[in-house]
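One structure below.
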Amino acid sequence: MIDKDNVKTLFFDYDGTLHNTTEIYIPAFKTVYDYLVKHHGAEEKTWQDQDIARFLGQTPKEMWDQFGLNLTQEAKEKGLKMLSDKLEKAIQNKEAKLYDGALDVLDYLKKQGYKLVFISNCKNYYLEAHKALFNLDQYFDIMVCSETFKNVQAKHKVLAKVLSEVPKEAVIIGDRHHDMTAGKKNGIYTIGARYGFGDHEELKTADMQIDDIKTLKHLF
């Protein structure tokens, strides 16, 4: 059990932990894949939503590696650009949805005096778009993503850099193996979000697992 009296800093993954990314990602992904089939020779395939969801929270390289597609670098870059554009437009159109109670939880934790840190494998444009839509900077003291530090994209390395700037008694909450690995490698407590996009295997090393973001109000 967490000794909440000693915890000072809470690191939050975003997609699959606070943001129900499937609402905007799945439609965008299907459109981009159709484009790759028609114009770049990608194998025609009917994607199931759960198969698409497993890409969430990954870096672009990890996503393409799991695709297993024989695409040219040009095709990959065009696909990523199209995906980014569609996601950004969806966010600007206010189609993005947070999990029920997410902002209430952040507000509660902020008022309890915890230092909150946003840490994600997303790109800068994505962070900025969500920050503008949900006014996230009123909750988070620090917001970083995989593009924040030059040549440092692995989440455990990003976490290590930020950890040096905040009180060390910390917890990371996330839904993927990147989050659990980041916490373990930096010696902090890990909470796995079972409601997100990771599977049981990814979260098996978590110190604790939760089924609802609102559970955090009872833990801290």
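Values in this text are rule-based calculations from the coordinates and carry no lab data. Predicted, not measured: the structure shown is a model, and the values here were computed from it. Here the Cβ is made from the backbone with ideal geometry for all residues, glycine too, and neighbour counts use every protein chain on show.
Data table
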{"read-out": "Selection from the range 187-206 of residues that are assigned to a loop (DSSP other than H, G, I, E, B), in contact (Cβ under 8 Å) with a residue 24 or more places away in the chain and more than 16 Å from Gly16 (Cα to Cα)", "value": "Ile188, Thr205"}
{"read-out": "Members of the range 84-111 found to be without any contact (Cβ under 8 Å) to a residue 12 or more places away in the chain and outside any loop (DSSP other than H, G, I, E, B), listed by number", "value": "Asp85, Lys89, Lys111"}
{"read-out": "Qualifying positions in the range 126-151 - crowded, with 16+ Cβ neighbours inside 10 Å and aromatic (Phe, Trp, Tyr)", "value": "Tyr126, Phe134, Tyr139, Phe140"}
{"read-out": "Only listed residue being of a type in the set (Lys, Arg) and surrounded by fewer than 19 Cβ atoms within 10 Å (Cβ to Cβ), chosen from Lys155, Lys110", "value": "Lys110"}
{"read-out": "Test: residue in the range 109-122 that is over 14 Å from Leu10 (Cα atoms) and either out of contact with any His (no Cβ under 6 Å at 6 or more places or on another chain) or among the aliphatic types (A, V, I, L, M) (or both)", "value": "yes"}
